[in-house]
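Okay, so here's the structure we're looking at.
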Amino acid sequence: MEVLMAVCLLSLWVCFFCFAILKWNEMRHSRKGVPPGTMGWPFFGENAEFLRQGPDFMKNKKARYGPVFKTHILGCPTIISVDPELNRYILLNEGKGLVPGYPQSMLDILGKCNISAVYGTTHKYIRGSLLSLIAPSTIKDQLLSKVDKYMRICLHNLDGETIDIQEQTNDMALFISFKLIVDTESSSVYDAFKAEFSKLLIGSLSLPINFPGTNYHRGFQARKNIIKIMEQIIKKRRASSMNHDDMLDNLVRNVDSKYELSDEEIIDQTITILYSGYETVSTTSMMAIKYLHDHPRALQELRDEHFMIQNGKKPEEPIEWTDYKSMTFTHAVIFETLRLATIVNGVLRKTTKEMKLKGFVIPKEWRIYVYTREINYDPILYPEPLTFNPWRWLDKSLESHRYCFLFGGGSRLCPGKELGIVTISTFLHYFVTRYRWEEIGGEEIHKFPRVEAPKGLHLKVLKY
Ligand code: HEM
């Protein structure tokens, strides 16, 4: 009996203690006019619920508090906006104090000259330099033929193989970006780079706890090793009079560009290109293959488009700009994949000063999660939103509607949009004209917080 009473008393104390902590944490962040919501536990906030419930976390909160609410996730007090009009306003008004608000680990590991870490005139300069490397005219004249060449290598000899398409598209995305940046290095340099890059990637998405053994620490070490690899290549290039036809040479020799970057800026710029174009391109490619497998009519229409292009060519003739521009249905498949799989759930911003948005007070330095996922499933914009229907994108006006944020918006609109679409289109061209495939295993695909197949997505591939 006494033991029972002691247990009851202890439980009561624990409940009271937890309640007091939660209340204290709420009061600590409560300010007049701040959006409604809850802040969870000190330090941890509502991270666990956010990651566990994913899109349902947003739906439940929206049902309770409306489309703009406060919470505490990813280590800081955060306002989440699922309001399309407010999201548009935030994306279009960086100059009013709504700058990128990506987590510290990402900024530390990608470098202080990384495009997401800078704003104002520095952002304009870094972005201008980046655009000079990957603008549509550069893709047309220089990059497309290389993407074609290396895509053929990536998709060579798969007949009869069982492949993990997730691994295949990851390798493809990294290899091609690396080759566009550094075209001539030996394969051992690429292998060393690839090993470090995967650690950098994991580190950038982990908590910034810098102890040996943590992902953050490993990611930070990987950054140092990548810097060493790049510094050696830059040194070799400077010591040689030979020109190389790649992005690094453009940056180091400042060819045709009014943007002159320091070595540190050059290295951060190359890491940015590799990092930003990696998961977006690889996951979209994987999901396109998945949706095409599940929708034979769409696959047939896509194949027809690509065979039409191929039939007018000799076997080794590369895809040209006019071919790429004629891939209307491919383009629609890519947009529908981006929408339905929601490759990008939203973007992060932070306030540089206290401000009022939609009648709410947003304190200085709070993060804003511009959550754009819901708009992808809006039945007014996209009738039968859960159906894979690439044909809807043949109406070109869909791409330019007010709330189409598949590639972001405003001054941060994805500068790699065209390069990403070119790479995925080229991937689809060679994959569907060379092969047919069957899924084996019926493996699970997670859609939140990122789109991934935790155990891979295995396909049996045969010659077409
Ligand atoms: C399907 C492919 C892609 C998708 C869906 C995508 C999506 C996005 C989105 C949503 C943003 C906005 C981020 C923000 O507002 O904070 C963005 C920005 C960015 N993307 Fe992409 N992206 C893709 C491919 C690429 C590629 C291939 C590159 C490589 C060059 C790239 C480089 C960047 C960079 C550097 C930014 C930051 C721009 C800035 O801060 O000014 N992206 N992308």
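Going by the alpha-carbon gyration tensor, a ≥ b ≥ c the square roots of its eigenvalues, is segment 400-464 rounded (a/c under 1.5) or, if a/c is not under 1.5, prolate (a/b greater than b/c) versus oblate?
oblate
With each run of n ≥ 4 DSSP H residues scored as -39500 (n - 2.57), what mean residue ellipticity at 222 nm is computed for the chain after dividing by its residue count and rounding to the nearest 500 deg cm²/dmol?
Computed mean residue ellipticity for the chain: -17000 deg cm²/dmol.
Quick one, can you get me the convex hull of the C-alpha atoms of segment 309-368 expressed as volume per residue in Å³?
Expressed per residue, the convex hull around the Cα atoms of segment 309-368 is 171 Å³.
Can you tell me the mean projection area, over all orientations, of the convex hull of segment 91-130's alpha carbons? Units nm², please.
That works out to 3.0 nm².
Kirkwood Rh, segment 347-464, all Cα pairs: how many Å?
18.3 Å
Can you tell me the length gained on complete extension of the stretch Ser240 to Gln142, counting 0.36 nm per residue apart and subtracting the Cα distance?
That works out to 33.0 nm of additional length.
For Leu110, what charge total do you get from the other residues with a beta carbon under 14 Å from its beta carbon, if Lys and Arg give +1 and Asp and Glu give -1?
Summing Lys/Arg as +1 and Asp/Glu as -1 gives -2.
Return the inverse of the average 1/r over all pairs of distinct C-alpha atoms in segment 165-231, which is the Kirkwood hydrodynamic radius, in Å to one decimal.
Across segment 165-231, the inverse of the average 1/r is 12.7 Å.
What is the fewest-to-most order of Lys447, Lys199 by other Cβ atoms lying within 10 Å of their Cβ?
Placing the least packed residue first, the sequence is Lys447, Lys199.
So for segment 77-234, what percent of the C-alpha to C-alpha distances run longer than 28 Å?
38 percent
Just how large is the dipole of the chain about the Cα centre, in debye to the nearest 20, putting +1 at every Lys and Arg Cβ and -1 at every Asp and Glu Cβ?
Approximately 1560 debye in magnitude.
Could you tell me what a quarter of the Cα convex hull surface of segment 212-318 works out to, in nm² with one decimal place?
Mean orientational projected area (segment 212-318, Cα hull): 11.7 nm².
As a footprinting exposure proxy, order Thr121, Thr138, Thr162 by other Cβ within 10 Å, with the fewest listed first.
Fewest-to-most ranking of Thr121, Thr138, Thr162: Thr121, Thr162, Thr138.
Within a 10 angstrom radius of the beta carbon, how do Arg339, Arg127 rank from fewest other beta carbons to most?
The most exposed by this proxy come first: Arg127, Arg339.
Just the ratio, please: alpha-carbon radius of gyration of the chain over 2.2 N^0.38 Å, N its number of residues.
So the Cα radius of gyration is 1.06 times the expected 2.2 N^0.38 Å.
Where the convex hull is taken over the Cα atoms of segment 72-155, what is its projected area averaged over directions, in nm²?
8.7 nm²
Roughly what % antiparallel, to the nearest 5, for the DSSP beta bridges in the chain?
80 percent
Could you work out how far the C-alpha centroid of segment 299-353 sits from that of segment 184-210, in angstrom?
28 Å
Membrane-span-like helices in the chain: DSSP H runs reaching 30 Å or more (Cα, own axis), mean Kyte hydropathy at least 0.5?
For the chain, where a helix must reach 30 Å along its axis and average at least 0.5, the hits are 2-29.
No lab work stands behind these numbers, since they all come straight from the coordinates. Small disclaimer: the values here were computed from a predicted structure and weren't measured. When we count neighbours, we look across all protein chains shown, and the Cβ atoms used for this are built from the backbone with ideal geometry, even at glycine.
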